[in-house]
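Single-structure report; data block below.
The values are calculated or read from the model by the stated rules, or taken from the named source; none is laboratory data. Computed from a predicted model, the values in this text were never measured in an experiment. Counting neighbours? That spans all protein chains shown, and the Cβs are built from the backbone with ideal geometry, glycine included. The protein model used for the area step is the full one, side chains on, heavy atoms only, and it has no ligands, DNA or RNA in it. Shrake-Rupley method; radii C 1.70, N 1.55, O 1.52, S 1.80 Å.
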Amino acid sequence: MTTLAVFVDVQNIYYTCKQGFGRSFNYRALYKHLSAQGTISHAIAYAIAPADDGQVKFQDALKHIGFTVKTKPYIQRSDGSAKGDWDVGITIDMLEIAPTVDEVILLSGDGDFDLLLKKINQTTTCYTHVLSVDRLTAKSLTDQAQHFTAIDASLLI
């Protein structure tokens with residue numbers, strides 16, 4: 001059976017689903033769908049440290065579904081800008097895990113990950129798959145993915 005590793009850029013998926021559909025992403029439906037495709041050896045959701053009960057409940061729900069939830073604090077800079085992305089953490093984990101699985105599935109539309117997929121494609125036999133909101137996904141990312149799946153109503157709440 002195919003071994004899968006799933007990496008979710010929670011912030012990106014949250015905002016693109018809200019912008020693209022006005023709805024939330026259905027992590028339970030995703031996990032069920034992917035479990036039918038193979039054995040999920042890793043399912044990691046990268047999120048911002050919870051600031052309220054709603055975020056705590058959401059992250060607890062992800063853990064209950066089967067995700068490992070990695071969090072980092074949301075940083076508010078003195079100039080008013082903010083930072084809370086997981087690009088480097090996702091990259092490190094994917095590079096470490098890709099050689100040990102048959103397929104990596106990245107949930108993000110962020111074009112910053114195009115070089116990561118290119119590297120995985122060049123250095124492993126691992127199949128690369130991106131799942132994101134079609135019109136809000138960087139073309140450079142879909143160009144590097146061996147497969148792209150557009151989020152549709154079946155993966156929304």
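What to note about this one:
- The criterion of at least 3 residues that are surrounded by fewer than 18 Cβ atoms within 10 Å (Cβ to Cβ) is met by the following strands (runs of 3 or more DSSP E) wholly inside segment 96-157: 147-150.
- Pairs meeting the criteria (first residue in segment 146-157 and under 9 Å from PHE25 (Cα atoms), second residue open to solvent by less than 60 Å² (accessible area, probe 1.4 Å) and of a type in the set (Ser, Thr, Tyr), beta carbons under 8 Å, at least 6 apart or on different chains) are ILE151/THR16; ILE151/SER132; LEU156/SER24; ILE157/SER24.
- Filtered residues of segment 27-55 (kept if at pLDDT below 95 and not polar (S, T, N, Q)): ALA47, ILE48, ALA49, PRO50, ALA51, ASP52, ASP53, GLY54
- Count of segment 1-51 residues which are open to solvent by 10 Å² or more (accessible area, probe 1.4 Å), in contact (Cβ under 8 Å) with a residue 60 or more places away in the chain and not in a helix (DSSP H, G or I): 8
- Among the residues here, GLN76 does not qualify as open to solvent by 60 Å² or more (accessible area, probe 1.4 Å) and at pLDDT 95 or above.
- All told, ALA138 falls short of being in contact with a Cys (Cβ under 6 Å, 6 or more places away or on another chain) and small (Gly, Ala, Ser).
- ALA61 vs. criteria among the aliphatic types (A, V, I, L, M), at pLDDT below 95 and under 22 Å from ARG23 (Cα atoms): no
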